[in-house]
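All of the numbers you see were taken from the coordinates with simple rules; none came from a lab. This one's a predicted model, so the numbers in the text were calculated from it and none came from an experiment. Cβ: placed from backbone, ideal geometry, glycine included. Neighbour counts: every protein chain shown.
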């Protein structure tokens, strides 16, 4: 099964939060409400340093993904 790169997630216990799940490496969940990121797997120190800039780009991509999804829902 091929999975999409991003998924949206919500939870009734966190009604103000907007979660986007990134399924490629490095897998993480970002809360777009405050841009907090929780990695779903252990990232080594070396990887973390290398991924720092890429993670910033992925956060921007996650925000764009959310905006695109919201536009589609409004149609």
task = Return P(r) of the chain (all Cα-Cα pairs; 5 Å bins starting at 0; whole %; ordered from short to long distances).
result = 3, 15, 25, 25, 18, 9, 4, 1, 0
ask   = Roughly what would the spin-label model give for residue 46 and residue 63, points 7 Å off Cα along C-beta, in nm?
value = 3.2
task = Could I have the simple spin-label model distance between residue 8 and residue 31, label points 7 Å from Cα toward Cβ, reported in nm to one decimal?
result = 1.9
